[in-house]
Structure formats: C-alpha cells, structure tokens
Amino acid sequence: MTDTLIVGGGTAGCVLAARLSENPDHTVRLLEAGQLWREPGGFPTELLDATRLPVGADAPWLWRYPVTLADDGVAVAGNIVRGKVIGGSGAVNGSYFVRATGADFAAWSRELGSSKIWSFDSVLPTYCRSERDLDFGDQSWHGAAGPIPVRRSANPAPLSEEFATACAAVGFPGVPDLNAVSASDGVGAVPCNIDDGRRVSTASGYLLPALSRPNLTVQDATTVLRLRFRGTRAVGVDVVRDDRTETLWADHIVLSAGAIESAATLLRSGIGNAEHLRALDIPVVHPAPVGAWFTDHPEVGLEYRLDAPERATVPLEYVLELDDIEIRPYTVAFTPGIQRLGVALMRPQSAGALRLRSADPAIPPVIEHRYLAAEHDRTRLRGAVATASEVLHRMSARARTDPMPGTPKTADGWLHANLATSQHLSGTCRMGQANDERAVVDELCRVHGVAGLSVIDLSVVPVPLSRGPQATTVMIAENVAEFRSRG
C-alpha cells in the first residue's frame, strides 16, 4: 500500500511528490491524466518556449470547460482551459510568478481565526524556499537556491516600454521588485518562472530531479473516476488507464488536481451538497459545501493598435498594480495586429459556484462565475477602465474598443459586453474552521468530516488573491509538505 497517493501532477502535485518523497521511508504515488516526459529536453517545444501560449484549439495538453461568466438577464458565456499535462497549468501559462500580498494573508488568517500557519511572516520563508531569484536573490526576502528560477525582462519589448513610460507620465511610481515584502502600488516588471527563455514549471523544477527515487512512482495517462471510502475514511482511488479500470489503495490520499478537478472528484465521490448528489444517484459520504464558493479575477479587455515593433517575449512583461486592480499590457496579439490591455479586478466580492452535470468524469461540471453581481465590483471596474483608457491615451494608442458610456447603468452593460476572465479560479474547496458553513478543509488542508483525505492546491484558498496564483500555489504545496514532514 502507498503511504501518500497524489491525484494530479500539476503545479501543486509535482511539489508535493518531490517534497514528500525526500523521506526514503515514505512511499509516494503521483497520478496525472496527461503525459509525462522524464527529461526537460523531452517536453514539446511549445511547452518549453516561454514566448508562446500553447493553448490553441488543437492543443492536446488541455482540459477545456464551458463557463458562464455573468448573467444579468443575458448570459455571458465563455471557455476556460487548464493544463492536462505533467506540470499542469504551470506548463502552459504565461509564466507570471508574483506573490500574493501581505494584505491577502492577513485576510486569509482572519478567515481561520488568526491562524499563524498562513500569516505572511509564516509563508515568506516558504516562498523563498521555492525560488531561485536571478535578479534579487541576494535580498533577505528572496531565495537564491530554490527549484524555480525567477527572472524579470531585462530588455522589454517596445510595447512594454511604452506602457511603463505612459504609467509614469500619468503619475504612477515604478516598482523595482513586485515580490518585495514592502512592494507598493505602481508599475513594475513581472517576475517570471523562466530560464534562458524556457518556461520552468514545477514538473521540471521539482519532479523530474526526484524521479530516480525508488519510493516515488509517477503514473501518467491515468483518469481518476472516484475515491473509495471505508465508512468515512478514504482508502483508495478508482482509475482508468489503457482502458482498464483498477483501484489503487493508499494510507492517505491528496487531491491536487486544481480548483475544478479536485472539487469535481470530491463531488463524484460523495462529498458535497447532499441534495445535488442524490439527484445524480451518487451515494453521500459526507455533506460539504464543495464548489459552493469560488472566486476568479474578472477581466475587461481594451483593444488598441500601437505603432511599435513586435518582439517575441513573455506574454506579460509589465503590470500596473493599483490596490485591487491589475492592468496588463499583453505582448501577445490574440487577434493579429490588435493589442489588448487587460483590466482585472483582483479582490472581487462576487463569488461563483461549481456543481456536477453528471457523475461521468468525461462530462465537465457547471461553472458559473457570477461576475459583476456585486455593485462594488462594477464600481471598481468602471473606475479602472477609465484609468486604463488614460494610460492608452498617453501611449498614443488607437483604441478599437468603443469608449465606456458615462452613466453607471450603461457602463455596466458595456462591462458585460467586454467581460472576460483571468482564468485564476480558486476556492472551490475552501479552507476554514469546522464550524464555517463555507469550509471544506481545515488549515492543514485535511477534508472536514472524513479521514485520510486532503486537498492541496488552489482549491483551498479562502480569500481572493491580489496577484496571479502560480507562485502561491507552489507555496501552498511547500507549506503543507513541510508541516506533514514534521509528523
């Protein structure tokens, strides 16, 4: 029997497998639905090249999900993707590697009753342990020897330089290090998990160097159907591989399949809203608010043209941080010849919901973001779009998006018409105390009400994060692995 069985070889799962298998007496099995390559050079070029977003319609390494972004009488539909490959979404994303803020962790700790485990002071050493910062590694708030290289563009593309110059002209200060302990609002270069132009996911940074360990088994191309329970104790996982179904047994099971698939696996296994589960003929193991509360960062896109030479680079070299607003000048032209300035709300008050359509794992769940439901969110985005429009004006850009109307009612309709998502979904298996009606896991990520089962990935985050999630997902796995190694 395996000591720890990890479902999902994505950003968190690779970290956990590497860290937990450092103990030679502890056996670890990692399951991944996508493909595994055992050498960094074996990865396809599209996954290695940090200047590309390998998320096209024919990409074989993606989960794809239809979603409803908002519905004010007219539904705003969309589609999101997640990495279905070793390394998960960190193997296919834009390599943005910015830490969450001290304010985020203060809010996180308050949700847990002032827990010290998730205070900023407690997680800072964990952030440092994960990184090899190639620009600021000599600073006390950074790491210089971790598995993930972190670098900022030293020679930004002309578009990025135009954006930074325009932000300064509007009056926003420059921020040398967005990952500094005291980083303030302003414009700064994006820390990226790249090295020599290559995207470095936790697969290549953490997992591949550990593959030779005899106590670590990694099994790819494996679909997880459901968990097995003995009473309320998780004891195994039903999987399909090579058209053959089998059950893998373990002393402890960890779901690290991401905020969508971890939640869906719990639901298929009988942990969730009892009424919904019974309607799908799923036996209820334990009632829990799985999928009942999640957040994501709504994003409004402003399209424009700019006479600036193009150069292959990471999709996002600079950002403007304004408290709970992030303005993003994408270097990737999602439409040929057209640039996009993303305006994202990072601490929305609106929350979404996820539920199953079917007990069949091949059928994607219902995902309703419910963006813009809160007046606070609409107000903040209206103001942020006005700020972004001023920056575009200073860039001498030619706007292609119609200007936002002046009155709040018509402006809200404009926001819906231009609405998109940052694809940072989190909180489907929310962390909290046992008496918290929204909580699924405790402060060490153990599922309430059952034994032998944890969720360790972005699913557990109990508050919206003010920055993109990749660096924090690595930190979560590192932090819990450290506590587990202490016994």
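Values in this text are rule-based calculations from the coordinates and carry no lab data. Quick caveat: nothing in here was measured; it's all calculated off a predicted structure. Note: ideal-geometry Cβ built from the backbone for every residue, glycine included; neighbour counts use all protein chains shown.
Amide H to amide H distances under 5 Å link G146 with E131, R132, D133, where only residues 5 or more positions off or on other chains count and H is placed in the peptide plane. I need the Debye-formula profile for the stretch 200-357: one equal scatterer per C-alpha, no solvent, reported as log10 I(q)/I(0) at q = 0.12, 0.20 1/Å, two decimals. Each listed q maps to, in turn, -0.83, -1.19. Amide H contacts of D49: R199, each under 5 Å away and 5 or more positions distant or on a separate chain (H built 1.01 Å from N in the peptide plane; Pro and chain starts excluded). Judged by the ratio a/c of the largest to the smallest principal axis of the C-alpha gyration tensor, the stretch 1-132 counts as oblate, that ratio being 1.5 or greater while a/b is no larger than b/c. Backbone N atoms of the stretch 180-207 closer than 13 Å to the 7 Å Cα→Cβ label point of R394 belong to residues 186-188. Each peptide in 97-108, 3-14 was scored by the mean count of other Cβ atoms within 10 Å over its residues; highest first, the order is 3-14, 97-108. Computed extension gain for R305 through Q433, at 0.36 nm per residue and net of the alpha carbon distance, reaches 41.1 nm.
In loop segments of the stretch 261-306 as defined by DSSP, there are no trypsin sites (Lys or Arg not before Pro) with at most 16 further C-beta atoms inside 10 Å of their C-beta.
For the stretch 15-21, the Karplus equation 6.51 cos²θ - 1.76 cosθ + 1.60, evaluated at θ = phi - 60°, returns couplings of 4, 4, 4, 5, 6, 5, 7 Hz by residue, with Gly and Pro reported as x.
Using only alpha-carbon positions in the stretch 358-470, the gyration tensor eigenvalues give semi-axes of 38, 16, 14 Å once each is multiplied by 5 and square-rooted (largest first). Estimated from the Cβ-Cβ distance and a Förster radius of 41 angstrom, the FRET efficiency linking D135 and R110 is about 0.80. With all pairs of different C-alpha atoms in the average, the Kirkwood value for the hydrodynamic radius of the chain is 22.7 Å. Spin-label pair D238-R278: with each label point 7 Å from Cα along the Cα-Cβ axis, the two points sit 2.1 nm from one another. Working note: 222 nm ellipticity from helices only, DSSP H runs with n ≥ 4, each -39,500 (n - 2.57), summed and divided by the residues of the chain, gives -7000 deg cm²/dmol to the nearest 500. In loop segments of the stretch 288-343 as defined by DSSP, the GluC sites (Glu not before Pro) with at most 15 further C-beta atoms inside 10 Å of their C-beta are E310. Bridge orientation summary for the chain: considering DSSP beta bridges with both residues in this region, about 70 percent are antiparallel.
The modelled label-to-label distance for the pair T68/V332, using points 7 Å beyond Cα in the direction of Cβ, is 2.8 nm.
Using a simple spin-label model with pseudo-atoms 7 Å out from Cα toward Cβ, R38 and I363 lie 3.9 nm apart.
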